[in-house]
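Presented below is the structure to which this report refers.
The values are calculated or read from the model by the stated rules, or taken from the named source; none is laboratory data. Only a predicted model underlies this, so the values are computations on that prediction, with no experimental measurement involved. Cβ sites come from the backbone with ideal geometry, for glycine too, and all protein chains shown count toward neighbours. Surface areas here come from the heavy atoms of the whole protein model, side chains and all, with no ligands, DNA or RNA. Shrake-Rupley method; radii C 1.70, N 1.55, O 1.52, S 1.80 Å.
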Amino acid sequence: MKKNKSIVKVLLIFLCVLFCFITNIINSQSKVDEFRNWNKQNKNNSDTLLLKTYRQLESSFLKYKQDSFLSKIYANGYLKKAKKEKDSLRLANGYYYISKICDDNLLINYLDSIILVSKNLKNVKYPGVGYLNKGVYYYHKEDYNKALENYLIAQKYAKNNNNTLLFITI
């Protein structure tokens, strides 16, 4: 009798796991289908995102930030539009958005890009935020000297640009 109860418990656990697995596959397939439909609708115009405003691209990026596939589409669209228009501030924003969703092995490249394109801007946010995030990156890599170096540079920009929030964050 006890053996039958334990077999039933194991079978129920197996069925629950199987149900969760199948549900996950179905949800993943719906995302693929969503992209295929989007791609079919925009096949004739590969630059559809360039027609959107920066505000629309930013809103879509933030809306889909938890969905890595869609957030990358909107972040890259934002960046492509900024490159086409040669807008340094928006280039920095685009690199910042991508830095928030990219793989760790690419992160330092995007942070360096933020710093590079915004170095000559008189902006409250940039390049200080680039240096701050670069400091965080090195801190997590346990390279404390580079982390401190970048924190200090970020602090200098925060002070020079009167960015109290950035200054407090550091």
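Would you pick out the residues in segment 36-64 that are open to solvent by 80 Å² or more (accessible area, probe 1.4 Å) and modelled with pLDDT of 85 or more?
L51, R55, Q56, L62, K63
Among the residues of segment 12-34, is there at least one that is part of a helix (DSSP H, G or I), surrounded by 14 or more Cβ atoms within 10 Å (Cβ to Cβ), touching a helix residue (DSSP H, G or I) at 6+ places or on another chain (Cβ under 7 Å) and modelled with pLDDT under 95?
no
Take segment 91-149 and flag every residue that is at pLDDT 95 or above and in contact with a Pro (Cβ under 9 Å, 6 or more places away or on another chain).
A92, I114, I115, L116, V117, S118
State which residue is nearest to S88 (Cα to Cα) when the search covers only segment 112-170 and only residues that are touching a helix residue (DSSP H, G or I) at 6+ places or on another chain (Cβ under 8 Å) and of a type in the set (D, E).
This residue is D112.
What pairs come out if I take residues in segment 101-129 that are under 13 Å from N161 (Cβ atoms) and pair them with residues that are open to solvent by 60 Å² or more (accessible area, probe 1.4 Å) and modelled with pLDDT under 95 whose C-beta lies under 6 Å away, six or more apart or interchain?
Going by the 6 Å Cβ cut-off, the qualifying pairs are P127/K119.
Table: residues versus (1) more than 30 Å from E85 (Cα to Cα); (2) aliphatic (A, V, I, L, M).
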| residue | (1), (2) |
| --- | --- |
| D103 | no, no |
| L107 | no, yes |
| S118 | no, no |
| L148 | yes, yes |
